[in-house]
Amino acid sequence: MRRVELIRAVRSVLSALKESRVHEALAQVARAPADPRASGALLAALRTYTVRSSAYGEGEQRVVDALDLAPLDDPAWWARVVSGPAADGGGAKAAAAMLQTIRVAGASLPKLLNLLTNEAIRRQSAPADKQPADGMAHFQVIVIESERQRSSPVRLITALESVWLLYDAVASMQKLPANTLSVIACDSGGDKAFDFLGLAPAVKGVRDVLLSVWDRVVFYRGRPAEARLAMIEKSLPALDRIVSLRERSLIGPEEAELLRRRVVTGVKKFLEAGCTLPEIEDTDRDRARTLLTPSPKLLAGPRGAPRE
């Protein structure tokens, strides 16, 4: 699980606990296990928490298991807590133990989240009125992986080079210095992710190019890979912009050809490396992982496999 996924999962679990007010209900049961009002509050908290936990993904479930919060999703555990006073008092003890677990999680996890968050990314992800006025912007590229796919070093080099080529081309078109792109964070855990910082107009331009590539990958998804790539290259708005700059004599023919090659090569390498963006992951994750598969030659083979 990548750092950003862990942070998102922890926040989701903390939000579910807070919204359901389950800790307050458990405190009532621990204090007065025979009070029917405590049982009513506990059942109400259960309903709210169950609704939230039903939307948990794999990340949230791993957080729940690691923090020993899994009993909150177990009807048998809830029944024991509610009926404990009528039996051996075990329900009150279970409620008190879970209450302590939730209190520890609520007190320590926010502090751990601060440690997990990259400071540069935090600043760039802040609301617009609180972002640093340095003209820089953050964006992330995700290298898709699975348990059966291991990236070779060449794949990661290809992914990084694709971003550099596109940034260099876009910055040049905008008459901005191209040596302003930096890698500010790397993350892994399932997928691998690279966080970049660059000049805001150039970053927006790169993001626009890659999102336009994704639109065309979807549109031409029924075509063979090579034919699809050729059709994508012919229809990119970035290439039309280069033609426009040349026609208006803002760049010469040689520079226009160099820019065109950088864009085309950058796009090709991005697709070959099997990369995606968070914006795509958030809206079309499953289809992205079907259509944006890496070139087999960029994957590490099993131990002892012959080289091609």
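What follows draws every value from the coordinates through simple rules; no lab data is involved. Bear in mind the structure is a predicted one, so any value in this text is a computation, not a measurement. Ideal geometry is used to build each Cβ from the backbone, glycine not excepted, and the neighbour counts take in all protein chains shown.
Numbers for the structure displayed
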read-out: Global form of the chain, assessed from the alpha-carbon gyration tensor, a/c cut-off 1.5; value: prolate
read-out: Extension gain (nm, one decimal) between ARG150 and LEU113, 0.36 nm per residue minus Cα-Cα; value: 10.5 nm
read-out: Within the chain, helix-based [θ] at 222 nm, where runs of 4 or more DSSP H residues each add -39,500 (n - 2.57), nearest 500; value: -20500 deg cm²/dmol
read-out: Whole-Hz couplings from phi, Karplus 6.51/-1.76/1.60, listed for the range 19-29; x for Gly and Pro; value: 5, 6, 6, 5, 5, 5, 5, 5, 5, 5, 5
read-out: Charge dipole of the range 3-116 about the Cα centre (unit charges at C-beta), most positive-ward option of VAL63, SER83, VAL4; value: VAL4
read-out: Percent of C-alpha pairs per 10 Å bin, the range 167-308, short to long; value: 10, 36, 34, 16, 3, 0
read-out: For ALA185, residues with placed amide H under 5 Å, excluding near neighbours; value: ASP195
read-out: Gap separating the Cα centres of the range 207-236 and the range 186-201, nearest whole Å; value: 23
read-out: For the range 260-277 and the range 47-70, distance of Cα centres in Å; value: 38
read-out: Overall form of the range 184-233 per C-alpha gyration tensor (a/c, 1.5; a/b vs b/c); value: oblate
read-out: Spin-label pair ASP282/ASP74, simplified geometry with 7 Å Cα→Cβ offset, distance in nm; value: 3.7
read-out: Listed residue pairs exceeding 30 Å between alpha carbons, taken from LYS111/LYS204; LYS175/LYS269; LYS204/LYS269; LYS111/LYS268; LYS18/LYS204; value: LYS111/LYS204; LYS111/LYS268; LYS18/LYS204
